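In what follows, a single structure is set out as structure tokens and then discussed.
The values are calculated or read from the model by the stated rules, or taken from the named source; none is laboratory data. The shown structure was predicted, so the numbers you read here are calculated from the model rather than taken from an experiment. Using ideal geometry, Cβ is built from the backbone for each residue, glycine included, and neighbour counts are taken over all protein chains shown.
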């Protein structure tokens with residue numbers, strides 16, 4: 001990876017900025033604004049303030065790898081502006097591919113997709129989900145992410161653009177936003193637990209998830225950059241955990257000051273939300289990669305970091 005030239009779309013986001021701080025090469029991050037620019041730790045990282053539709057060929061010329069992390073982040077835009085998912089996830093992806101298709105040296109596209117593309121397939125199939133499992137997205141966010149995957153594959157077949165698609169499970173970490181219950185739910189609850197505020201759990205937290213710490217995600221993406229080509233991977237920790245167990249661990253480590261109650265999910269969540277998800281990550285494991293940070297270590301990292309915030 002040393003000596004390569006990288007472009008990271010959504011480079012000031014949670015995952016994008018973590019990538020930028022760990023890549024060994026010439027790194028440019030693309031962002032619509034300089035909000036969260038404090039996430040970047042190295043002065044050598046170039047910040048390009050543009051939207052995806054403002055990208056031009058000069059921005060992608062001579063780039064070796066594009067980490068395409070720019071994306072909407074939840075399934076609820078359908079309530080306010082359903083076109084946001086289409087503009088960002090579809091038109092933004094096509095813009096990148098159109099700029100790359102005629103380049104003499106085509107950059108590899110590494111696309112961060114999501115486990116949400118499977119919908120509630122685990123509940124239907126009653127077995128861990130892998131790359132070959134049936135997809136059944138339940139919302140516009142997940143539908144457009146799956147469509148973007150197909151578009152990337154199409155451009156690869158026609159124009160020879162190399163790619164890797166990574167469907168990430170629930171990603172969490174210390175620098176994730178803690179003030180938005182629509183995304184980063186574990187971080188949102190971690191802050192409430194630290195403040196001793198009441199916590200409401202959908203269905204009592206009686207559902208399974210695969211939580212992977214952001215450091216492991218970055219490690220997996222960088223690993224796959226050189227290990228795979230034109231392929232799809234499900235990237236997760238690989239062990240399911242019941243959400244209420246995560247919350248209990250939060251409470252144990254914050255003095256159990258918060259009152260916890262069961263909450264019935266609102267109708268929109270019942271329509272677009274995923275119930276249980278259990279990941280089979282044997283494909284990436286077979287290449288020699290495994291996640292290292294379990295949820296107890298990850299939650300401790302979050303709580304230690306947030307103590308300096310409140």
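The conditions of being assigned to a helix (DSSP H, G or I), out of contact with any helix residue (DSSP H, G or I) (no Cβ under 9 Å at 6 or more places or on another chain), modelled with pLDDT of 95 or more and closer than 25 Å to residue 220 by Cβ are met by residue 150.
Restricting 194, 189, 232 to those that are in contact with a helix residue (DSSP H, G or I) (Cβ under 9 Å, 6 or more places away or on another chain) and over 20 Å from residue 296 (Cα atoms) reduces the list to 232. Screening residue 183 with (1) surrounded by fewer than 21 Cβ atoms within 10 Å (Cβ to Cβ); (2) in contact (Cβ under 8 Å) with a residue 40 or more places away in the chain; (3) in contact with a helix residue (DSSP H, G or I) (Cβ under 8 Å, 6 or more places away or on another chain) gives one miss only, at (3). Scan the stretch 219-237 and tell me whether some residue there is farther than 23 Å from residue 163 by Cβ and in contact (Cβ under 8 Å) with a residue 24 or more places away in the chain. Yes; the residues of the stretch 219-237 include at least one that is farther than 23 Å from residue 163 by Cβ and in contact (Cβ under 8 Å) with a residue 24 or more places away in the chain.
Within the stretch 153-188, if we keep just the residues that are part of a helix (DSSP H, G or I) and modelled with pLDDT of 95 or more, the residue that is nearest to the chain's Cα centre (by Cα) turns out to be 153. Scanning the stretch 84-105 turns up no residue that is modelled with pLDDT of 95 or more, over 15 Å from residue 151 (Cβ atoms) and in contact with a strand residue (DSSP E or B) (Cβ under 6 Å, 6 or more places away or on another chain). For the stretch 192-211, the condition of being part of a loop (DSSP other than H, G, I, E, B) and crowded, with 16+ Cβ neighbours inside 10 Å holds for at least one residue.
Among the residues making up the stretch 270-310, those that are surrounded by 14 or more Cβ atoms within 10 Å (Cβ to Cβ) and under 30 Å from residue 79 (Cα atoms) are 272, 273, 274, 275, 276, 277, 278, 279.
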